[in-house]
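Trainee: Below is the structure I would like to discuss, written out as structure tokens.
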Amino acid sequence: MKVTSQIFLSAFVLMQLSCFTSKITAQKNNKIKVYTTAENTNLKLSLSNDLISKNNTKQQKNTTVSITVNPEKTDQTFLGIGGAITDASAEVFAKLSPKKQQEFLNAYYDKNKGIGYTLARTNIHSCDFSSDSYTYISEGDKELKTFNINHDRKYRIPLIKKAIETAGGKLTLFVSPWSPPAFMKDNNDILHGGVLLPEFAPAWALYYTKFIKEYEKEGIPIWGLTVQNEPMAKQSWESCIYTPEAERDFLKNHLGPTLEKEGLASKNVIIWDHNRGDMLTKRANLVFSDPEVSKYAWGIGFHWYETWNGGPPQFESVAKVHEAFPNKNLLFTEGCIEKFDASKYQFWGNAERYGINMIHDFNNGTVGWTDWNILLDQNGGPNHVGNFCFAPIHADTTKDELIYTPMYYYIGHFSKFIRPNAKRVLETTSDKSLLSTSFKNSDGQLITIVMNQSEKEVLYSLENQTGRTTITIPAHAIQTIVY
């Protein structure tokens with residue numbers, strides 16, 4: 001009995017030591033890392049584990065906010081984060097020295113050296129951020145016999161190829177038209193709105209497929225497309241109006257069937273591509289509730305410019321679409337800081353606008369987030385109608401310099417750490433003084449982004465099923481916690 005007891009005791013001790021060792025290993029593997037960007041500091045996506053409280057038990061009593069993450073409850077699958085590779089971006093990129101070009105590519109598309117963009121958008125012929133208006137056919141060519149993409153081979157295609165290469169050989173790219181050619185519209189103008197004439201709907205649908213095929217011949221895979229950029233906006237630049245019914249009918253009777261006929265049925269079609277606003281009642285309900293057209297639609301895209309009317313961002317409209325059509329996808333397709341002013345390159349409020357929008361959009365079901373131009377010059381262009389804007393990175397082409405704005409770092413707190421196929425994790429935040437969102441990468445790694453817009457640092461606790469950690473976030477800062 002005594003020998004048996006000793007054997008049992010030894011086995012028990014070994015088992016406990018094994019469990020203890022496993023816990024130590026697990027703790028080591030799951031060690032928390034905190035990355036911080038904060039105003040009036042040198043912190044820019046900086047590893048800052050000194051902001052983790054060493055005496056958790058004592059400090060927890062002083063926390064004002066708690067963020068509780070439940071990794072067992074998940075929502076949408078993450079597609080990616082990126083920006084638009086426009087003519088403007090490509091033209092500015094071409095003016096940089098080879099050294100600066102590589103720095104720029106690494107900054108966006110290398111997940112180790114930069115912020116790891118995995119998503120991109122580009123324009124089907126010209127948009128406002130082109131140096132001039134152009135199409136891929138001779139004006140009046142109803143049969144598209146003159147179709148070619150030679151214009152894009154000079155600047156845009158080389159940049160897209162380099163971006164794909166830097167991103168590791170894969171970039172989820174979707175494409176958008178701003179307007180059909182002038183002769184296809186009732187105003188005979190590629191600019192200033194107008195509508196697509198019914199007799200040209202088949203040719204215009206075929207135009208998309210020709211563009212996709214020509215780009216793919218160049219070795220640039222196209223993941224998807226939007227039907228029309230901002231279909232309710234009559235702009236001084238390239239634009240075209242579609243009522244909800246007109247967009248539905250074009251997709252149902254022309255674009256969807258043409259994609260199928262041309263062997264492109266796998267391409268993901270995105271409707272709307274305009275401001276959040278009334279996208280449930282004015283677009284989603286009409287398209288997604290009709291099986292004959294819904295079968296062609298992967299999801300709905302949206303922008304953030306509804307604030308132009310002086311109101312707040314309408315995040316609730318994103319949530320309503322997600323709740324009504326959980327099997328359809330929501331994608332943020334464009335946003336930028338308008339009205340370029342070089343004196344505001346480092347204005348922190350611009351970055352916070354990004355953080356606010358990204359956190360709320362993701363928490364309301366958005367699968368991916370696409371910034372507007374990835375690069376603009378020292379004038380906020382080029383832009384052929386003077387619609388100059390900000391980009392996360394600008395180039396001063398007279399000095400061969402890159403200017404990194406705080407927006408770049410705020411976007412990076414998401415794009416560098418949340419990887420494609422991650423699942424959003426449900427969480428609760430005890431106080432509105434902090435904003436947060438959480439994701440679980442496919443390897444099990446948890447990512448929580450926390451943002452503080454206040455003038456004071458905040459002590460908060462991050463809790464999940466394995467424990468609680470107390471962290472300080474500085475004033476006007478954003479943090480990514482990896483654990």
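Trainee: Once label points are set 7 Å from the Cα along Cα→Cβ at both LYS113 and SER266, what is their separation, rounded to one decimal in nm?
Mentor: With each label point 7 Å from Cα toward Cβ, the separation is 3.1 nm.
Trainee: Counting Lys and Arg as +1 and Asp and Glu as -1, each charge on the Cβ, what is the dipole of the stretch 173-288 about the Cα centre in debye, to the nearest 20?
Mentor: Computed charge dipole of the stretch 173-288: roughly 220 debye.
Trainee: Here is a further query. What is the magnitude of the charge dipole of the stretch 112-236 about its Cα centre, with +1 placed on the Cβ of each Lys and Arg, -1 on the Cβ of each Asp and Glu, and no other charges, expressed in debye to the nearest 20?
Mentor: 580
Trainee: A follow-up question, please. Divide by every residue of the chain the summed helix terms, -39500 (n - 2.57) for each DSSP H run of at least 4, and state the resulting mean residue ellipticity at 222 nm, rounded to the nearest 500 deg cm²/dmol.
Mentor: Mean residue ellipticity at 222 nm (helix-derived): -9000 deg cm²/dmol.
Trainee: Could you give P(r) for the stretch 113-216, binned at 10 Å from zero, as whole percent values over all Cα-Cα pairs?
Mentor: Per 10 Å bin, starting at zero, the Cα-Cα P(r) for the stretch 113-216 comes out as 13, 44, 29, 12, 2, 0 percent.
Trainee: Run through every distinct alpha carbon pair of the stretch 340-483 and return the Kirkwood hydrodynamic radius in angstroms, one decimal place.
Mentor: When all Cα pairs of the stretch 340-483 are included, the Kirkwood radius is 16.7 Å.
Trainee: Next up: Counting pairwise Cα distances across the stretch 181-337, what percent come out greater than 30 angstrom?
Mentor: Across the stretch 181-337, Cα pairs with separations above 30 Å total 14 percent.
Trainee: Sticking with this one: If you take the beta carbon distance between GLU199 and LYS170 as r and set R0 to 51 Å, what does 1/(1 + (r/R0)^6) give as a FRET efficiency, to the nearest 0.05?
Mentor: That pair, GLU199 with LYS170, gives E of 0.80.
Trainee: OK, next. Probe radius 1.4 Å, ligands and nucleic acids ignored: give me the carbon and sulfur share of the accessible area of the chain as a rounded percent.
Mentor: Ligands and nucleic acids excluded, carbon and sulfur give 51 percent.
Trainee: Next up: Once Lys and Arg get +1 and Asp and Glu get -1 on their Cβ, which of ASN363, ALA246, GLY299 lies farthest toward the positive end of the dipole of the chain?
Mentor: ASN363
Trainee: List the GluC sites (Glu not before Pro) in the stretch 398-460 that DSSP assigns to loop (not H, G, I, E or B) and whose Cβ has at most 16 other Cβ atoms within 10 Å. Which are they?
Mentor: For GluC sites (Glu not before Pro) across the stretch 398-460 that sit outside H, G, I, E and B with at most 16 neighbouring Cβ atoms in 10 Å, the list reads GLU455, GLU457.
Trainee: If you add up the charges near LEU434, with Lys and Arg at +1 and Asp and Glu at -1, over every other residue whose beta carbon is less than 12 angstrom from its beta carbon, what do you get?
Mentor: -1
Trainee: Further, regarding this structure: I'd like to know how the chain sits against the 2.2 N^0.38 Å rule of thumb: what's its Cα Rg over that expected value?
Mentor: 1.08
Trainee: Over the chain, what relative contact order in percent results from Cα pairs under 8 Å that are six or more residues apart?
Mentor: In percent, rounded to a whole number, it is 23.
Trainee: Another question about this same structure. Which of the trypsin sites (Lys or Arg not before Pro) found in the stretch 51-159 are in a DSSP loop and have at most 10 neighbouring Cβ atoms, other than their own, within 10 Å?
Mentor: LYS54, LYS61, LYS145
Trainee: Hey, what angle do you get for helix 406-415 against the long axis of the chain, alpha-carbon based, 0 to 90 degrees rounded to 10?
Mentor: Taking the Cα atoms of the chain, the angle to 406-415 is about 70 degrees.
Trainee: Can I ask one more? Before I look further, what does the chain give for accessible area per residue, probe 1.4 Å, in whole square angstrom?
Mentor: 43
Trainee: Roughly what % of DSSP beta bridges within the chain run antiparallel, to the nearest 5?
Mentor: Of all bridge pairs located within the chain, approximately 55 percent are antiparallel.
Trainee: Right, next: Residues with beta-carbon under 13 Å from that of GLY116, excluding GLY116: net charge, scoring Lys, Arg +1 and Asp, Glu -1?
Mentor: +4
Trainee: What aspartates and glutamates could a cross-link reach from LYS145, if we take a straight Cα to Cα line under 18 Å and drop same-chain neighbours fewer than 8 places away?
Mentor: GLU199, GLU214, GLU262
Trainee: What lysines sit close enough to LYS423 to cross-link, taking a C-alpha to C-alpha distance under 22 Å and skipping anything fewer than 8 places away on the same chain?
Mentor: Here the lysines satisfying the reach criterion relative to LYS423 are LYS31, LYS33, LYS73, LYS111, LYS170, LYS320, LYS328, LYS440.
Trainee: Quickly work out the ASN42-to-ASN187 label distance, labels modelled 7 Å from Cα along the C-beta direction, and quote it in nm with one decimal.
Mentor: Inter-label distance under the simple model: 5.3 nm.
Trainee: Starting from the Cα of THR146, step 7 Å along the direction of its Cβ; do the same at GLN453; then give the gap between the two resulting points in nm.
Mentor: So the label points at THR146 and GLN453 sit 5.1 nm apart.
Trainee: To the nearest 10 degrees, how steep is helix 98-109 against the longest Cα principal axis of the chain, on a 0 to 90 scale?
Mentor: Between helix and principal axis, roughly 70 degrees.
Trainee: Just to confirm the number: angle between the C-alpha axis of helix 348-363 and the first principal axis of the chain, 0 to 90 degrees, nearest 10?
Mentor: Helix 348-363 sits roughly 80 degrees off the main axis of the chain.
Trainee: OK, next. Once you charge only the Cβ atoms, +1 for Lys and Arg and -1 for Asp and Glu, what is the size of the charge dipole of the stretch 266-393 about its Cα centre, to the nearest 20 debye?
Mentor: 160
The values are calculated or read from the model by the stated rules, or taken from the named source; none is laboratory data. Quantities reported herein were computed from a predicted structural model and do not represent experimental measurements. A quick note on method: Cβ atoms are made from the backbone with ideal geometry, for glycine too, and the neighbour counts reach across all protein chains shown. Surface areas here come from the heavy atoms of the whole protein model, side chains and all, with no ligands, DNA or RNA. Shrake-Rupley method; radii C 1.70, N 1.55, O 1.52, S 1.80 Å.
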